[in-house]
Structures are given as C-alpha cells and as structure tokens.
Amino acid sequence: MREEILDILQTQLGCAYLSDLRCGGSHCKEALHALLGYPAERFSLREWETAIGYITDREWTIPDQAALEALLSSLAESESASSDNEKTPV
C-alpha cells in the first residue's frame, strides 16, 4: 500500500498530530517547503489537491504538473513571507 502525502509529511516533520501541518499550525511552512522537494509525478494530481487543500484549508483544482509546481512555489513563498512579517517588530 502506497503512503499518502500527508502521512509522509507528518512522519518527515515529526508532527505529533496531522493538524500540525495546517497553516496556522506549528509545521505549515515546513510542510509547504517539503512538498516542493517531492517529485510531482510521485502522486496523482488529485492526491496533491487533497494534501494542499488540507494544509491550506482551501479547495484547489490543479490541471497539470506545471500548475502544481507554480502553486507549491507560490504557497511556500507566501507562507515564508507571512511568517517573516509575524516576526518583524512594528
């Protein structure tokens, strides 16, 4: 039986709970960056939609691998920027 993306991420990042992967959780930024390292063809587009949807709490339609790679890069970048902004004193 093939492992699912979220299970792999949970193990890779050492999360006690799957919900730690969600944005707002303790490992969201790391989860999005880790996804960038997975080969796009390792999982079906539907599996990617489900995993990214769970992490971001949004529904996604990913038509092809190029769109997947662009989405992952954009999400990882925006999560990094929002994390950096939270640490910057005002």
**OP:** Just one of (1) among the small types (Gly, Ala, Ser); (2) within 12 Å of the chain's Cα centre (by Cα); (3) exposed (fewer than 13 other Cβ atoms within 10 Å of the Cβ) trips up Ala16, so point out which.
**Re:** (2)
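Run down Leu45, Leu36 and say which single residue is free of Cβ contacts under 8 Å to residues at least 24 places away in the same chain, surrounded by fewer than 18 Cβ atoms within 10 Å (Cβ to Cβ), closer than 14 Å to Glu69 by Cα and in contact with a helix residue (DSSP H, G or I) (Cβ under 9 Å, 6 or more places away or on another chain).
Exactly one residue qualifies, and that residue is Leu45.
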Original post:
How many of the residues making up the stretch 1-28 are in a helix (DSSP H, G or I) and modelled with pLDDT under 90?
Top reply: 1
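Under 12 Å from the mean Cα position of the chain (by Cα) and not hydrophobic (A, V, I, L, M, F, W, C): is that true of Arg58 in this structure? Talk me through it step by step, then tell me what you get.
Values: under 12 Å from the mean Cα position of the chain (by Cα): yes; not hydrophobic (A, V, I, L, M, F, W, C): yes.
For Arg58, the condition - under 12 Å from the mean Cα position of the chain (by Cα) and not hydrophobic (A, V, I, L, M, F, W, C) - is met.
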Subject >> Any chance Glu59 is assigned to a loop (DSSP other than H, G, I, E, B), under 24 Å from Ala81 (Cβ atoms) and in contact with a helix residue (DSSP H, G or I) (Cβ under 8 Å, 6 or more places away or on another chain) >> reply: yes
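The values are calculated or read from the model by the stated rules, or taken from the named source; none is laboratory data. Please read these numbers as outputs of a predicted model, since none were measured by experiment. We place every Cβ from the backbone using ideal geometry, glycine too, and count neighbours over all the protein chains shown.
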